[in-house]
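Written out below as structure tokens is the structure these notes cover.
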Amino acid sequence: MNVTIAERRLRNQHITGRALRRPADVVAWLGAVQAQEYEPARWALGLRMQDGAVAGDIQRAFDEGQILRTHVMRPTWHFVARSDIRWLLELTAPRVHRILSYYNRALELDARMLTRGAAVIERALRDGHHLTRAELADRLQRAGLPNEGNRLARVVMHAELEGIVCSGPRRQRQFTYALVAERAPKAVRLPRDEALATLGRRFFCSHGPATIRDFVWWSGLTTADGRRAIEMIRARREEAGGLTYWTAGQPRRGATRNQPVHLLPIYDEYLVAYRDREAVPHRPSTIASATNASVTFQHAFVIAGHVAGTWRITRSAKGVTIHAVPLRRLNAIERRGVIAATRRYQAFVDVPVECVIP
């Protein structure tokens, strides 16, 4: 049953299922995509798109505001669809605010200071101005407000959680901020129950089969919210390995990609979105395993849905080298699969890529 769950997740997340056409389609289908590591997060989208998708496609979607990057659900950056940013923030930001309140007190940031900081940032970004964090720090300094280190980060994050600012277009390699009102003027607002049902439906359609604990972990909401969500969307229940899994929507149909090996970036939704890891452990469990290391915070490659190794990148003037590190013995077919997955990554980044497998 565990293999079946892994295969169904791969298909539902569009890793093996029918490829999606646009970056915004991927983000909207998944609900949100963890994106604190920007370059790997671009590959997370490309991995689920049609063959021929390149990193520049995601960059254009980001710069044009088709996908936005902000702190939502948990205290970390996510890609969200432009039309979803308001209802997602209104649903999940109150919980994030509560989590951050302790740290804000430790940094001597009170509500008045955070509110004043958000107002300064809002004024600075009006009329289409897109500013870097350093440029926002300069505006905050002029106003006598925190403008360095973690205190600066918390002030800006507060403005994000309040739905005032989000990502603007990149300026060369620098990130900028923009006003949500200008970046997503037609963003949808939903009553809380409708927003909860929408998020639950997206999660259990795209990430299922999954447990309520998985949804709670991924969304940052409460267990009561998770139970309410599966009730409203009439999720389907199944038992496996002593756990209760839920799915929603119709089984994904259409052409599938038969590639057995997939290079997943760090924090990919296929691994990071789940609290219960019995179906797809983050470490190998076979007798042939060479190590017992977890891959939670590394690039990983999966074979038939299960973690089989990690990979890392080195760059040179000639291009990119992918160093694959198997966590168990690979047979000849699996080694060829890793090389094939590398070729797909090469097409995405559009630079020469060499694969090294010890």
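The values are calculated or read from the model by the stated rules, or taken from the named source; none is laboratory data. Bear in mind that the values here come from a model prediction, so they are computed numbers and not experimental data. For neighbour counting, all protein chains shown are included, and Cβ atoms are generated from backbone atoms with ideal geometry for every residue, glycine included. To get the accessible areas, we keep the full protein, side chains included, count just its heavy atoms, and leave off ligands, DNA and RNA. Shrake-Rupley method; radii C 1.70, N 1.55, O 1.52, S 1.80 Å.
Only one entry in 332, 304, 340 is at pLDDT below 95 and surrounded by fewer than 21 Cβ atoms within 10 Å (Cβ to Cβ), namely 304. Can you spot a residue in the range 138-153 that is of a type outside the set (Phe, Trp, Tyr), under 30 Å from residue 196 (Cβ atoms) and open to solvent by 40 Å² or more (accessible area, probe 1.4 Å)? Looking for residues that are of a type outside the set (Phe, Trp, Tyr), under 30 Å from residue 196 (Cβ atoms) and open to solvent by 40 Å² or more (accessible area, probe 1.4 Å), one finds none in the range 138-153, hence no. Looking across the range 97-119, just one residue is open to solvent by 20 Å² or more (accessible area, probe 1.4 Å) and under 23 Å from residue 185 (Cβ atoms), and that is 119. Being under 21 Å from residue 267 (Cβ atoms) and either surrounded by 22 or more Cβ atoms within 10 Å (Cβ to Cβ) or of a type outside the set (Val, Ile, Thr) (or both) is a property that holds for residue 42.
The set of residues in the range 221-237 being open to solvent by 40 Å² or more (accessible area, probe 1.4 Å) and under 26 Å from residue 98 (Cβ atoms) consists of 222, 223, 224, 227, 228, 231, 232.
Going residue by residue through the range 87-95, is there one that turns out to be of a type outside the set (Gly, Ala, Ser), more than 21 Å from residue 181 (Cα to Cα) and more than 15 Å from the chain's Cα centre (by Cα)? Looking for residues that are of a type outside the set (Gly, Ala, Ser), more than 21 Å from residue 181 (Cα to Cα) and more than 15 Å from the chain's Cα centre (by Cα), one finds at least one in the range 87-95, hence yes. In summary, residue 210 fulfils each of the numbered conditions (1) more than 16 Å from residue 74 (Cα to Cα); (2) of a type in the set (A, V, I, L, M); (3) open to solvent by 10 Å² or more (accessible area, probe 1.4 Å) with the single exception of condition (3).
The one condition from (1) surrounded by 17 or more Cβ atoms within 10 Å (Cβ to Cβ); (2) within 14 Å of the chain's Cα centre (by Cα) that residue 53 does not meet is (2).
A single entry from 70, 16 fulfils the requirement of being touching a Ser or Thr at 6+ places or on another chain (Cβ under 7 Å), of a type in the set (S, T, N, Q) and not in a loop (DSSP other than H, G, I, E, B): 70.
In the set (1) open to solvent by 10 Å² or more (accessible area, probe 1.4 Å); (2) more than 15 Å from residue 81 (Cβ to Cβ); (3) not hydrophobic (A, V, I, L, M, F, W, C), residue 64 fails one condition alone, (2). Would you be able to say whether some residue in the range 86-94 is outside any loop (DSSP other than H, G, I, E, B), touching a helix residue (DSSP H, G or I) at 6+ places or on another chain (Cβ under 6 Å) and under 30 Å from residue 143 (Cβ atoms)? Yes: one or more hits. Would you mind stating whether residue 313 is over 23 Å from residue 14 (Cα atoms), in contact with a His (Cβ under 9 Å, 6 or more places away or on another chain) and of a type outside the set (D, E, K, R)? Judged against the criteria, residue 313 is a match.
Please work out which residue is most open to solvent (accessible area, probe 1.4 Å), limiting yourself to the range 316-329 and to residues that are modelled with pLDDT of 95 or more and under 25 Å from residue 35 (Cα atoms). Ranking the qualifying residues of the range 316-329, first place goes to 325.
With respect to the conditions (1) open to solvent by less than 60 Å² (accessible area, probe 1.4 Å); (2) at pLDDT below 95; (3) assigned to a helix (DSSP H, G or I), residue 7 lacks only one, and its number is (1). When each of 220, 241 is tested for being small (Gly, Ala, Ser) and in contact with a helix residue (DSSP H, G or I) (Cβ under 6 Å, 6 or more places away or on another chain), the lone residue that passes is 220.
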